[in-house]
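The values are calculated or read from the model by the stated rules, or taken from the named source; none is laboratory data. Please read all numbers here as calculations on a predicted model, not as lab measurements. Cβ sites come from the backbone with ideal geometry, for glycine too, and all protein chains shown count toward neighbours. Only protein heavy atoms, including side chains, enter the accessible area calculation; ligands, DNA and RNA are left aside. Shrake-Rupley method; radii C 1.70, N 1.55, O 1.52, S 1.80 Å.
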There are 2 protein chains.
Amino acid sequence: MVEVIPHWLDKQAELSPHETAIEIPNQHVVTFHQLRDESRRFARKLSNKGVSEGDHVAIHSNNSLDMVLGLHALSYLGAVAILLNTRLSETELTYQLTDANVSLVLTSVEAKQFIATVNQSYQICTFEQVHLHNELAISLKKELNLDELFTIIYTSGTTGFPKGVQHTYGNHWWSAISSALNLGLDHNDKWLVALPLFHVGGLSILIKSVIYGMPVYLMEKFDVEQVDQGIKIDGVTIVSVVSVMLERLIDKLGESKYPASFRCMLLGGGPASQTLLERAKKNDIPVFQTYGMTETSSQIATLSQKYALTKIGSAGKSLFPAQLRIWKNGKIAVESEVGEIQVKGPMVSRGYYNNEIANQKTFENDWLKTGDLGYLDQEGFLYVIDRRKDLIISGGENVYPAEIEGVLAAVPGIKEVGVIGKQDDEWGQIPVAFVVRINKELSIEEILTYCRKHLAKYKIPKEIYFVPSLPRNASSKLVRYKLEGLLKK
Amino acid sequence: MVEVIPHWLDKQAELSPHETAIEIPNQHVVTFHQLRDESRRFARKLSNKGVSEGDHVAIHSNNSLDMVLGLHALSYLGAVAILLNTRLSETELTYQLTDANVSLVLTSVEAKQFIATVNQSYQICTFEQVHLHNELAISLKKELNLDELFTIIYTSGTTGFPKGVQHTYGNHWWSAISSALNLGLDHNDKWLVALPLFHVGGLSILIKSVIYGMPVYLMEKFDVEQVDQGIKIDGVTIVSVVSVMLERLIDKLGESKYPASFRCMLLGGGPASQTLLERAKKNDIPVFQTYGMTETSSQIATLSQKYALTKIGSAGKSLFPAQLRIWKNGKIAVESEVGEIQVKGPMVSRGYYNNEIANQKTFENDWLKTGDLGYLDQEGFLYVIDRRKDLIISGGENVYPAEIEGVLAAVPGIKEVGVIGKQDDEWGQIPVAFVVRINKELSIEEILTYCRKHLAKYKIPKEIYFVPSLPRNASSKLVRYKLEGLLKK
């Protein structure tokens, strides 16, 4: 049975017309009633630009109210939103626009010039231009069919061509509900979004807002001062972060504390270091470690707060409607055995757009083969070891970069570290580390001395490079293939 | 796309093994892990009794832990549970067992003798007998397909034969999620069940417990002392009641108050009187008025607490995934116009079991025609006027029994009142009232004097009978057709 629900923004505008939907700090707030009216107006103007049901419309923008309106407007038209990373190169942009069969690109004014250089064959339109259009008196969607496609987001794959992950309304719905069953639903909640809305981690909060009737504290980008103020003064109760953001927030926090109403620091974007988790714990920050990816429409496993202290480093258990298993040699792995993490559930994407080869490789009997490595402990808690594609095989031994990074991050004087494999005639691959130092006194010999104490010999980086910063994507996740680029220089 | 989730009790046992699932006051608690193990054991024993996937198994029991085990056990087998009202007469029981194609009746020891007299053609088994069986080493359901049938509950229709309302796993799932989106989800919640589990109002709490990971405070039946203790001492935060229960709770409360942690008195089972709502308000009881029926798998509209004072008497708005409209003369009624309440959503039953005629009459384009009358005010809040089948038409004027009852309930000296229509040669029908007095001093003339002040002439009861009590069903709802029986005596 295909489930149909009322259009979620219409419904929330009916239930909570005067409640805040979007709060832009230091600027203004938008109620659900206003958001609905503005989004519907924007939809009717887009219709005047020729957008209709089933069309693929790209959005190229940093976080903004216009971007939110654009997204909801497309849902009122039954059009599909392709969310573009604003950091993409021209080549990458052209690839995604072509691959996704985009008929129109919506963009912010600043980005327009850049987009225009990409390819003359795309119709490009700024949000401002749309606002100036007249509205067409068309009828808009009153209901959402949960089986229908809403968004396509390309995965920042480290190798090969990116793949367009398709999300139905149902995927987003189930993701929001799964999170609520895990974190609880409090009518005083306010969720801060500093992650880009063009990634699923940011987008998912926007959709939770509409389904829960919860205000979103929307920031254009991560700003440590503003996040600190959001939590301490503006009533933010939940923040989604990646490790590097949390690190900066703790630095900023100093001796101060967050108020008791702040209930969740949702930490995603890859395994966190023990050091970071312990710093958070010392500062009484309620960290919830999560595991997820674009294909799972945001997190699919989360460590509940009640286990934060006893299961440090774990990503917890899969969310209520989801299933998770460790797969090794064609069967379910035994306890503590490392294998591929596979997941299943109604929040998992039905597949990549227009990419049958990748679909056949990635999905099997409704299970998504994540390519990530992990194990379950004796109580069923997930520990994510690493992304399989980053696996370093050195002299026949498996070496997981994240493990080495976790150890190096604990070296006094090291701020950040990234590890990759380097081709080596003798060993096949060797681990190599890129280190950002707090100050220049730290020497390679000191690092190696520490390593010899904490790592098996084959895991010790054979080369260590000091760098001023590490390459990160828009979600602040480490981009390992760019480290490979550094090696080649 | 048919949604599949892990078996909900398995999943909750994985997420919250040591948390309380069921608390039987003054007796013992059962954790989710224990509930899972016991239910699976019970399933394997039932299998030894010949129960297998797709079988229809009736449960005839008052609230008990065995009844809970039986229900979950059937879900592990993929069998369908037919929940029988323990107050049914022999004729009624036989009708339902036959209509639902029941192959086995599970019953409590006390009820067995009664059941046995019903019909010799049914296999009847007490919970105790099942416990004594050996377990068959069969494989149990690991997943739930949300499209599959889980329960059938017969509606206590006031006329004609009862109809078996089918609920899929999905209906129950969406009902639980809808309620969470309305009431919020708090990890400290504990929901008291005094309503019978064989009605959807009670059953739905059991399913919420499994999905939320929330303890249920399970009572065999409503007991005012025990409910009062549950809220004041045992940490109950939510209670589901009907008007008559709330009335007694307020009487018991006297000058005392409930603790601040008590956050929701969910009031269902028909429109509540203004007097009752004002008494509750005076006692700081957070009443949430609801509207729902067996076909909607529990409530489908609820008045949020924030509107409790401004919209007194309203059942609020339809829950997030639901739609509600007022239908009048083949189109949507205008604001404030009374018409038939129609509802749609993934919690609404797909139809009655084996009853195509009723289905055609009741469902149209996925909308359920409830037969109830109501209107929406200018802000879209639902006011339920009455059940259409109870409508009294007198001299061409529509008279709603609930309206007259609401007025009479406010007469000093009246404890309870029920109103029905009586056939009349002159007017077609006339309203007739049955009154339970607090003491015998109140006279008919005093009641009529009050009525003349508060009711249009055609609405004033033409006959008033004093009775010691009113006929109520197991959910404490007034059973009007039994009042008609009194008239005929």
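When you scan the stretch A:295-308, how many residues do you find that are open to solvent by 30 Å² or more (accessible area, probe 1.4 Å) and more than 14 Å from chain B (Cβ to nearest Cβ)?
Total satisfying the criteria: 0.
Just one of the numbered conditions (1) open to solvent by less than 10 Å² (accessible area, probe 1.4 Å); (2) within 14 Å of another protein chain (Cβ to nearest Cβ) is not true of A:Lys311; which one?
(1)
With the stretch A:406-489 as the region, which strands (runs of 3 or more DSSP E) entirely inside it contain at least 1 residues that are in contact (Cβ under 8 Å) with a residue 40 or more places away in the chain and within 30 Å of the chain's Cα centre (by Cα)?
Where strands (runs of 3 or more DSSP E) fall fully within the stretch A:406-489 and carry at least 1 residues being in contact (Cβ under 8 Å) with a residue 40 or more places away in the chain and within 30 Å of the chain's Cα centre (by Cα), they are A:414-424, A:428-437.
In the stretch B:188-197, is there at least one residue being free of Cβ contacts under 8 Å to residues at least 12 places away in the same chain and either surrounded by fewer than 24 Cβ atoms within 10 Å (Cβ to Cβ) or of a type outside the set (Phe, Trp, Tyr) (or both)?
No: zero hits.
Being away from chain B (no Cβ under 14 Å), touching a residue at least 60 places away in the same chain (Cβ under 8 Å) and of a type in the set (Phe, Trp, Tyr) is the requirement here; does A:Phe262 meet it?
No; evaluated as a whole, the condition is false for this residue.
Name the one entry in B:Leu486, B:Leu478, B:Leu455, B:Leu442 that is over 30 Å from B:Ser318 (Cβ atoms) and open to solvent by 20 Å² or more (accessible area, probe 1.4 Å).
Result of the check over B:Leu486, B:Leu478, B:Leu455, B:Leu442: B:Leu486.
Between A:Thr98, A:Thr91, A:Thr86, A:Thr117, which is more than 14 Å from chain B (Cβ to nearest Cβ), closer than 17 Å to A:Leu197 by Cβ and at pLDDT below 95?
Unique residue meeting the criteria: A:Thr86.
Can you spot a residue in the stretch B:64-75 that is more than 27 Å from A:Leu324 (Cα to Cα) and either in a loop (DSSP other than H, G, I, E, B) or within 14 Å of chain A (Cβ to nearest Cβ) (or both)?
Within the stretch B:64-75 (the criterion being more than 27 Å from A:Leu324 (Cα to Cα) and either in a loop (DSSP other than H, G, I, E, B) or within 14 Å of chain A (Cβ to nearest Cβ) (or both)), the answer is yes, since at least one residue qualifies.
Search the stretch A:321-347 for residues being outside any strand (DSSP E or B) and open to solvent by less than 10 Å² (accessible area, probe 1.4 Å), and hand back the single one that is farthest from the other protein chains (Cβ to nearest Cβ).
Among those residues, the one meeting the criterion is A:Met347.
Identify, please: which residue in the stretch B:225-241 is of a type outside the set (Lys, Arg) and open to solvent by 40 Å² or more (accessible area, probe 1.4 Å) and is, among those, farthest from the other protein chains (Cβ to nearest Cβ)?
B:Glu225
Given the residues B:Ile207, B:Ile177, which is the only one that is closer than 25 Å to A:Val2 by Cβ, within 11 Å of another protein chain (Cβ to nearest Cβ) and hydrophobic (A, V, I, L, M, F, W, C)?
B:Ile177
Would you mind stating whether B:Val57 is in contact with a strand residue (DSSP E or B) (Cβ under 6 Å, 6 or more places away or on another chain), buried (at least 23 other Cβ atoms within 10 Å of the Cβ) and either assigned to a strand (DSSP E or B) or more than 14 Å from chain A (Cβ to nearest Cβ) (or both)?
Against the criterion (in contact with a strand residue (DSSP E or B) (Cβ under 6 Å, 6 or more places away or on another chain), buried (at least 23 other Cβ atoms within 10 Å of the Cβ) and either assigned to a strand (DSSP E or B) or more than 14 Å from chain A (Cβ to nearest Cβ) (or both)), B:Val57 qualifies.
Against the condition modelled with pLDDT under 90 and open to solvent by less than 20 Å² (accessible area, probe 1.4 Å), how does B:Asp390 come out, does it pass?
On the way: modelled with pLDDT under 90: yes; open to solvent by less than 20 Å² (accessible area, probe 1.4 Å): no.
For B:Asp390, the condition - modelled with pLDDT under 90 and open to solvent by less than 20 Å² (accessible area, probe 1.4 Å) - is not met.
Quick check on B:Leu368: is it open to solvent by 40 Å² or more (accessible area, probe 1.4 Å), modelled with pLDDT of 90 or more and within 30 Å of B:Phe320 (Cα to Cα)?
no
Tell me yes or no: at least one residue of the stretch A:157-175 is charged (D, E, K, R), in the same structural domain as A:Val287 (by TED's automatic domain parsing) and open to solvent by less than 10 Å² (accessible area, probe 1.4 Å).
For the stretch A:157-175, residues charged (D, E, K, R), in the same structural domain as A:Val287 (by TED's automatic domain parsing) and open to solvent by less than 10 Å² (accessible area, probe 1.4 Å): absent.
Check the stretch B:127-147 and report whether any residue there is in contact with a Pro (Cβ under 8 Å, 6 or more places away or on another chain) and away from chain A (no Cβ under 14 Å).
So in the stretch B:127-147, the residues in contact with a Pro (Cβ under 8 Å, 6 or more places away or on another chain) come out as B:142-144.
Those left that are additionally away from chain A (no Cβ under 14 Å): none.
No, the stretch B:127-147 contains no residue that is in contact with a Pro (Cβ under 8 Å, 6 or more places away or on another chain) and away from chain A (no Cβ under 14 Å).
Hey, any hits in the stretch A:426-446 for a residue that's within 30 Å of A:Pro321 (Cβ to Cβ) and at pLDDT below 90?
Looking only at the stretch A:426-446, we keep the residues that are within 30 Å of A:Pro321 (Cβ to Cβ), and these are none.
No, every residue in the stretch A:426-446 fails to be within 30 Å of A:Pro321 (Cβ to Cβ) and at pLDDT below 90.
Return the pairs, sorted by first residue and then second, in which the second residue is open to solvent by 10 Å² or more (accessible area, probe 1.4 Å) and polar (S, T, N, Q), the first residue lies in the stretch B:4-27 and is touching a residue at least 24 places away in the same chain (Cβ under 8 Å) and more than 9 Å from chain A (Cβ to nearest Cβ), the beta carbons are less than 7 Å apart, and the residues are 6+ apart or on different chains.
Taking only residues 6 or more apart or on different chains, the pairs are B:Glu19/B:Thr31; B:Thr20/B:Thr31; B:Ala21/B:Thr31; B:Pro25/B:Gln226.
For the stretch A:242-285: of the residues being in contact with a Pro (Cβ under 9 Å, 6 or more places away or on another chain) and part of a loop (DSSP other than H, G, I, E, B), which is most open to solvent (accessible area, probe 1.4 Å)?
Per the stated criteria, the residue is A:Arg263.
For the stretch B:201-208, indicate whether the set of residues that are touching a residue at least 60 places away in the same chain (Cβ under 8 Å), more than 22 Å from B:Glu14 (Cβ to Cβ) and among the hydroxyl-bearing types (Ser, Thr, Tyr) is non-empty.
Yes.
Determine which member of the set B:Ile138, B:Ile115 is surrounded by fewer than 18 Cβ atoms within 10 Å (Cβ to Cβ), over 22 Å from the mean Cα position of the chain (by Cα) and either of a type outside the set (D, E, K, R) or outside the structural domain of B:Thr151 (by TED's automatic domain parsing) (or both).
Answer to the selection: B:Ile138.
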